[in-house]
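Heads up, the thing below is written out as structure tokens.
The values are calculated or read from the model by the stated rules, or taken from the named source; none is laboratory data. This one's a predicted model, so the numbers in the text were calculated from it and none came from an experiment. Glycine gets a Cβ as well: all are built from the backbone with ideal geometry, and neighbour counts include every protein chain shown. We work out accessible area using only protein heavy atoms, side chains counted, and drop any ligands, DNA or RNA first. Shrake-Rupley method; radii C 1.70, N 1.55, O 1.52, S 1.80 Å.
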Amino acid sequence: MSARQRGAGRRAYGAGFTRAAGAAVVAGALAVVLAVPAGASAAAGGDFTGLTGLAGVPADVPGLRGPVVTHPVQESFGYPAGEVCAFPSHADFPVSDLTTRTWTDAAGRPVFAVESGPLVMRVTNLATGKSVERDISGTGVITYPDPDSFILSGNDWSAGFHTGDHPHNQWIVAGPFMSVEISTAAGRSSRTLLALAGPYEDLCKTLA
């Protein structure tokens, strides 16, 4: 899931996350989780029966509208030494074909989004030239608890945690499930790991 719409970012949250969904945090990038049930209405005021059965999808939002379907491009990004890993690093995406579906309230504010699609991330330690590829083609759900934060949850996605984040200085590639809150204050973003289940990898250790 990665990071580019304040809405909707995605899987490689890079700058943190990787999946282009939620926010531009990807510049890291981030990746995301649950699929929208087939047949969900895309018309404003349409029938959203079944959507509230998805984790994190709010129930009974007045004037719920959507989805608006977009195809964000997961852009490459890099970190200087010490920002996430001890070494300078770079991520690019040889495979990226993402689809984001975003629902809004009556005022047009995002309520939740779902992102999915093929996404392969190549990460390189620029000090040694060593690189690895990881398939982070999971599905993710993005929710918006307040105007200054969003939560990205899902399977098979990646998040870079910077100095000052919680945890800090790790580049996690999650398997079954990860949930991260991305908040912005005074123009700076921070990430807090809310949940991590099942096997995972820290690319800072893999590429050291």
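If you find the alpha carbon centre of segment 82-118 and of segment 180-201, how far apart are they in angstrom?
So the two Cα centres are separated by 13 Å.
Go ahead and run the numbers for FRET between Asp105 and Ala185, Cβ-Cβ distance against an R0 of 35 Å, rounding to 0.05.
Computed FRET efficiency for Asp105 and Ala185: 0.90.
Roughly how many Å² of Asp156 are accessible to a 1.4 Å probe, to the nearest 10?
Looks like 60 Å² after rounding.
Give me Rg/Rg_expected for segment 146-208, where Rg uses Cα atoms only and Rg_expected = 2.2 N^0.38 Å with N residues.
Compared with the compact-globule rule of thumb, segment 146-208 sits at 1.12.
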